[in-house]
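Heads up: the structure comes next, in structure tokens.
The values are calculated or read from the model by the stated rules, or taken from the named source; none is laboratory data. The model shown is predicted, which means the values in this text are computed figures rather than measured ones. No Cβ is skipped: glycine too gets one built from the backbone with ideal geometry, and neighbour counts run over all protein chains shown.
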Amino acid sequence: MAAVTVAERSAGLAARRAGSHASVHSWELVTAVDGPGTRLTVFLAGCPLRCLYCHNPDTMAIRHGRLVSLDEVVRRLERYQHVFATTGGGLTLSGGEPLFQSAFVERLVNQAKLRGIHTALDTSGYLGARASNELLADLDLVLLDVKSGSEELYQRVTGRQLAPTLSFGRRLADAGVPAWVRFVLVPGLTDTPDNVAAVADIVAA
Ligand code: SF4
């Protein structure tokens, strides 16, 4: 593979900051996961968490993705529009952590909404402060991954704090954005009754 020059790297960074491009790890057409119907799930590269049980560790580093333009993803969305309409599906942004590239997410979700396509964001919520009010207004669903209900265990499992996820969850509730809370029960790690009860308390709050 050809080496990436410093100039190319800076151009890529500027394009990601502007949201005209993103580092995309992969995408797939899925049914019955990542939201209702058949969906185009776009996995964006880069994640600030370090989950001990990460199912997709090669998405953690942003350099593991390919720089893809907004136009390319929108063209792909348009290609599947009839599938979304028939199945009640749509677009899901996942990762990695999609809000790591929030400018691109905001622009892509807006393009989907303009075409009447259902939109979902699969996020840990850790970078929820990066989600603008405009993005929230364009989201039909958030899949909020709560990695643990206990602060101490959250830190052990992810290397980060739980508080940003809780405040993002409150923001979604205040904005009236539907959310599915997801929790991975890992035997010997997150499956203590106290932790499961703490997750249930978060969902109920
Ligand atoms: S949030 Fe997801 S992608 Fe990031 S480390 Fe955890 S499991 Fe892996």
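Points worth noting:
- Within the range 143-158, residues that are under 14 Å from E97 (Cβ atoms) reach partners that are among the small types (G, A, S) and within 14 Å of the ligand (Cβ to nearest atom) with beta carbons closer than 7 Å, at six or more positions or on different chains, in the pairs L144/G125; D145/S124; K147/S124.
- Any hit, the range 152-172, residues being within 30 Å of D71 (Cα to Cα) and crowded, with 19+ Cβ neighbours inside 10 Å: yes
- The residues on offer are L114, L141, L189, and the sole one that is surrounded by fewer than 21 Cβ atoms within 10 Å (Cβ to Cβ), farther than 20 Å from G46 by Cβ and at pLDDT below 95 is L189.
- Flag if T158 is out of contact with any Ser or Thr (no Cβ under 7 Å at 6 or more places or on another chain) and under 22 Å from V30 (Cβ atoms): no
- Filtered residue count, the range 13-33, keeping only those that are on the phi > 0 side of the Ramachandran plot and surrounded by 21 or more Cβ atoms within 10 Å (Cβ to Cβ): 0
- Applying a threshold of 9 Å to beta carbon distances and a minimum spacing of six or more residues, or different chains, the list of pairs starting in the range 172-185 at a residue that is over 20 Å from A129 (Cβ atoms) and at pLDDT 95 or above and ending at one that is in a helix (DSSP H, G or I) and aliphatic (A, V, I, L, M) reads P178/L172.
- Qualifying residue in the range 62-72 (condition: within 18 Å of G95 (Cα to Cα) and in contact with a Pro (Cβ under 7 Å, 6 or more places away or on another chain)): no
- The test for being more than 16 Å from the ligand (Cβ to nearest atom) and either closer than 21 Å to L143 by Cα or out of contact with any Ser or Thr (no Cβ under 7 Å at 6 or more places or on another chain) (or both) does not hold for E97.
- Scanning the range 26-67 for residues that are acidic (D, E) and modelled with pLDDT of 95 or more gives a single hit, E28.
- Residues (hydrophobic (A, V, I, L, M, F, W, C) and either away from the ligand (no atom under 16 Å from the Cβ) or out of contact with any helix residue (DSSP H, G or I) (no Cβ under 8 Å at 6 or more places or on another chain) (or both)) located in the range 130-143: L135, L136, A137, L139, L141, L143
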